[in-house]
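This report refers to the structure that appears directly beneath it.
The values are calculated or read from the model by the stated rules, or taken from the named source; none is laboratory data. If you're wondering where the values come from, they're calculated on a predicted model, not measured in any experiment. Every residue, glycine among them, receives a Cβ derived from its backbone with ideal geometry; neighbour counts consider all protein chains shown.
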């Protein structure tokens with residue numbers, strides 16, 4: 001019984017961590033390339049979920065089979081979110097690339113509020129029911145009391161996305177260009193890398209993963225509203241910092257650590273102070289490892 | 001150009017003079033944000049009542065003007081909302097909607113000698129503490145709901161062990177604490193009493209924890225968004241434990257969002273008054289005017305607007321003491337029945353029932 005309890009909390013923390021990770025990846029990639037904290041990232045996640053909801057509702061009404069609905073909704077959500085990510089970068093960040101970092105940060109916060117209010121006005125302020133796009137698979141039924149099919153899917157997807165991203169960055173040409181840009185933008189440019197394209201690409205990939213996250217999570221908890229991106233975004237940002245911002249395995253590790261901390265603390269002590277404890281833990285880690293669990297301490301030449 | 005300006009001036013002057021002769025009824029509450037579904041029905045109710053009264057010559061021969069302000073259910077915003085209403089010269093206020101926001105606004109109204117009446121703020125202290133003699137409400141306070149929940153749980157459901165969860169907010173936590181107190185007095189074991197963080201991405205840890213306690217009943221103190229998440233997760237983990245909430249859960253949005261998982265959930269809420277002729281009429285007016293069924297707290301807001309304007313009429317002025325006296329002594333016919341207010345500010349003769357979600361609707365348990 002006690003082991004089962006521990007195991008369930010472990011799995012719950014894993015799910016929660018995976019959710020954070022899907023969002024944190026976008027934060028950390030963008031930071032790695034242009035050292036900008038893209039506060040509008042949480043909103044991309046929300047827009048992904050809204051797109052999936054709209055598309056899946058329309059397709060279900062038209063009588064498409066469930067699997068097709070899910071796949072088309074995911075594709076549409078990813079595509080839509082990528083377009084938003086690309087446009088946001090062009091409108092809000094590119095003109096400020098040489099400006100002081102604080103200006104870009106303010107621009108990011110402004111973008112976040114703009115998108116929240118845009119969805120609030122264009123859609124609704126209500127909570128909307130979100131269909132379970134991930135069905136309760138029959139083969140999963142024996143394990144359903146331990147972990148739902150949706151949670152299982154979230155974890156698997158996170159692993160796939162992480163492996164895919166690592167592959168992309170380590171072994172492809174664009175990945176090499178991304179690494180070069182992140183190390184030294186000017187030098188990369190001199191070597192003939194189209195830095196603008198690399199940055200746009202980073203935003204597109206980050207937004208795509210956030211949209212997948214948005215859809216999976218909305219499908220897991222069964223409801224969405226315009227504000228959902230805010231808290232998830234903040235937590236994911238914390239996770240990215242915890243793991244060492246700019247570092248992709250770090251973002252995943254940080255997310256899992258945060259997810260487990262919250263889950264075990266709720267399970268064994270009290271959920272009243274869940275956030276207090278999670279952030280206390282964050283402070284402790286940052287005291288001993290100021291650049292995050294996997295972050296490298298950077299020495300800047302003056 | 002000059003001519004146009006002059007016309008504008010005359011026009012705005014004329015408008016101003018006219019405005020001075022109106023009775024200004026403030027309507028404050030959550031009109032956007034997560035909890036707009038609690039606040040917007042009260043705006044509709046006020047519009048309907050005022051329209052009717054104005055068509056019949058107004059109050060004390062003056063037209064009633066509505067000043068509608070949004071507090072998004074946040075205490076930190078509600079203070080500004082109240083200040084704004086007072087600087088706009090409000091005579092009397094119907095609102096606010098959420099207990100926390102109401103509490104934040106009441107002190108400001110008290111300083112300015114403005115009477116406020118909420119159709120939905122159920123925190124007991126608002127009236128029972130005696131701090132706010134300017135506050136009235138057309139909804140029974142939470143202590144009554146908690147009493148009913150415990151009575152229903154022990155006598156009808158015959159539970160022995162309960163888990164109580166709340167959202168740490170003013171409304172939810174006080175609701176949960178009262179339930180805990182009454183359950184313990186009734187000899188029921190409270191296995192777990194905990195707050196959860198509203199808006200969190202996932203509640204599986206707390207659901208796992210309560211599953212381990214194996215309670216007969218989960219009592220929820222808080223609003224519907226978290227309730228639907230928790231119920232959905234419980235059912236997805238194949239837990240069929242009973243679940244009861246208060247009027248924060250008894251909202252159509254809860255059923256809409258939780259869908260099939262909402263089935264069998266209990267919630268306390270204001271008594272079903274659909275047989276009351278005035279309630280029927282109010283519902284019809286709403287359907288004609290807005291083309292939909294009224295939402296949560298609509299009848300209470302309708303009654304509050306009527307009671308406030310009636311009190312001004314009976315008092316013969318908008319004088320603070322006279323209006324309060326009229327509210328306490330004069331009965332008024334409303335969709336909730338014939339009501340007046342006791343010395344604490346609570347409406348007399350209104351109450352709660354237990355509802356159960358059956359086939360996608362809240363059905364009153366007799």
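Key figures
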| item | result |
| --- | --- |
| Any chance residue A:49 is part of a helix (DSSP H, G or I), in contact (Cβ under 8 Å) with a residue 60 or more places away in the chain, within 16 Å of the chain's Cα centre (by Cα) and over 19 Å from residue A:178 (Cα atoms) | yes |
| Residue ID - surrounded by the fewest Cβ atoms within 10 Å (Cβ to Cβ), chosen from residues in the stretch A:134-153 that are more than 28 Å from residue B:253 (Cα to Cα) and within 10 Å of chain B (Cβ to nearest Cβ) | A:141 |
| Criterion violated by residue B:123 - all others in (1) out of contact with any strand residue (DSSP E or B) (no Cβ under 8 Å at 6 or more places or on another chain); (2) assigned to a helix (DSSP H, G or I); (3) buried (at least 22 other Cβ atoms within 10 Å of the Cβ) satisfied | (2) |
| Hits in the stretch B:178-217 (condition: within 14 Å of another protein chain (Cβ to nearest Cβ), touching a residue at least 24 places away in the same chain (Cβ under 8 Å) and in contact with a strand residue (DSSP E or B) (Cβ under 8 Å, 6 or more places away or on another chain)) | B:191, B:192, B:193, B:194, B:195, B:196, B:206, B:210, B:213, B:214 |
| Which listed residue is under 17 Å from the mean Cα position of the chain (by Cα) and more than 25 Å from residue A:115 (Cβ to Cβ), from A:156, A:174 | A:156 |
| Number of the exception - residue A:131 against (1) within 12 Å of another protein chain (Cβ to nearest Cβ); (2) touching a helix residue (DSSP H, G or I) at 6+ places or on another chain (Cβ under 7 Å); (3) not in a loop (DSSP other than H, G, I, E, B) | (3) |
| Counted residues, the stretch B:266-303 - those being surrounded by 15 or more Cβ atoms within 10 Å (Cβ to Cβ) and within 14 Å of chain A (Cβ to nearest Cβ) | 2 |
| Residue match in the stretch A:231-239 (condition: facing another protein chain (nearest Cβ under 8 Å) and either surrounded by fewer than 24 Cβ atoms within 10 Å (Cβ to Cβ) or farther than 19 Å from residue A:154 by Cα (or both)) | yes |
| Residue satisfying condition, being without any contact (Cβ under 8 Å) to a residue 40 or more places away in the chain, outside any helix (DSSP H, G or I) and either within 13 Å of another protein chain (Cβ to nearest Cβ) or out of contact with any strand residue (DSSP E or B) (no Cβ under 8 Å at 6 or more places or on another chain) (or both), within set A:3, A:64 | A:64 |
| Single unsatisfied condition, residue A:252 versus (1) facing chain B (nearest Cβ under 9 Å); (2) under 13 Å from the mean Cα position of the chain (by Cα); (3) at pLDDT 90 or above | (1) |
